1. I'd like the Karplus ³J(HN,Hα) series for region 262-271: coefficients 6.51, -1.76, 1.60, θ = phi - 60°, whole numbers in Hz, and an x wherever there's a Gly or Pro.
2. Tell me, how many Å apart are the Cα centres for region 30-104 and for region 235-272?
3. Once you've got the GNM for the chain with C-alpha springs shorter than 10 Å, pick whichever of 70, 48, 347 has the biggest mean-square fluctuation.
4. In whole Å, what is the distance between the alpha-carbon centres of region 125-158 and region 297-324?
5. Taking H placed 1.01 Å from N in the peptide plane, check which residues at least 5 places from residue 171 or on another chain put their amide H under 5 Å from its amide H.
6. With charges only on Cβ, +1 for K and R and -1 for D and E, what is the dipole size of region 58-217 about its Cα centre, in debye, rounded to 20?
7. In sequence order, what are the phi-derived ³J(HN,Hα) couplings for region 88-102 according to the Karplus relation 6.51 cos²θ - 1.76 cosθ + 1.60 with θ = phi - 60°, rounded to whole Hz, with x for glycine and proline?
8. For a Förster distance of 45 Å, can you work out the FRET efficiency between the beta-carbons of residue 345 and residue 7, rounded to the nearest 0.05?
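The values are calculated or read from the model by the stated rules, or taken from the named source; none is laboratory data. All values reported here derive from a predicted model rather than from experimental measurement. Note: ideal-geometry Cβ built from the backbone for every residue, glycine included; neighbour counts use all protein chains shown. Areas reflect the complete protein model, heavy atoms only, side chains present, ligands, DNA and RNA absent. Shrake-Rupley method; radii C 1.70, N 1.55, O 1.52, S 1.80 Å.
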Amino acid sequence: MSSDRPVSPFLDLPPLGAARFAAIEDRVAALLHTRADVIVTQGEALLPLEAAIRSAVRPGSTALNVVTGPYGQTFGGWLRSCGAEVVDLAVPFTGAVSAAQVGEALAAHPEIDFVSLVHAEAATGNTNPVAEIADVVREHGALLMLDAVASVAAEPLETDAWGVDLCVIGGQKAMGGPAGVSAVSVSDRAWERITANPAAPRRSYLSLLDWKERWTDAGRSVLPHAPAQLEMLALEACLDRIEADTLTATIARHRAAAAALRAGVLALGTLLPYVTDARAAAPVATTLLTQPTQDATTLATALGRTLPVQSGGGALATTMLRVNHYGPHASLETVLDVLTALAEAAPGGDGVLEAAEKAWTEAIAD
């Protein structure tokens, strides 16, 4: 007996086998420019971020936690709950941390053996100079964990060349994909530390060692559990799109979107970039300070109905706008639409769109 119900493309799919799962992992490794083991985790990126910290940090160790936004604050809580002594290196969220500041903290605390760092903070719109910082951390001998969730596919990410030991990514920002799947690369040095850590999670969703033993070391022939099939297929489609566009072009679009939006806002003059130095501005999101007479929450509610705009978090909710220009929104069309709406809501100077178009053209050509 036939049914008249429409067939959903999300249902009744053939099983996602181990070979295809492993092939997706290999393509993620290529995106990260790493030959290290890559584990694609079946959940949002907070899963591998917490797993990396709880696996590599043991009670009594000392960690340097670089805080340039809310995720750095979250990492500090996890590190302390692992029993680590934590040295917080907090800098104003309006800019980036420097390699010199990291070097000074390491010199003041030679016992530090783990460093946690966020590449780009979408919530605050800043980005950190990972290559220079990684050099300092490697010279010190500590492990480096990098949160590259908001930077992957938006700016260069050279995991092996920089010496990043644990590199975590998610699919939901510049990759333009799902939030429900993520990945972590694990260097040999990191595996040594994790294997020697008696407090590393086992028989747990947070256990990297379980994945290593039951999947990676077992030849990746039998999946340890049923995969999140739809999210894995979406991740595969993201990789297809990035490869078709080329990673170079994808990164260029994100950089151009950030440059164009910043140029247009400066021409408008009624809003100010939250990140004061353009060199520290993230390519995935631009944060803006409103005037005292403007309520950012009200403005974001009005604009966010059709545009990728939201208000800031916490204490910045009434004074900060966040414009997300990642994934499909890393386009000149999106930037011009946002600037047009901002110019109507907060009228200011002339030549806003012209300034944005000029900055876009120059950034793409650079």
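1. Karplus values, whole Hz, x for Gly and Pro: 4, 4, x, 5, 5, 5, 5, x, 9, 10.
2. 26
3. 347
4. 28
5. The answer is 181.
6. Working: 10 positive and 19 negative charges, 125 e Å.
The dipole of region 58-217 has a size of about 600 debye.
7. So the Karplus estimates, Gly and Pro as x, are 8, 9, 9, 10, x, 5, 7, x, 10, 7, 9, 4, 5, 5, 5 Hz.
8. In this case the efficiency is close to 0.55.
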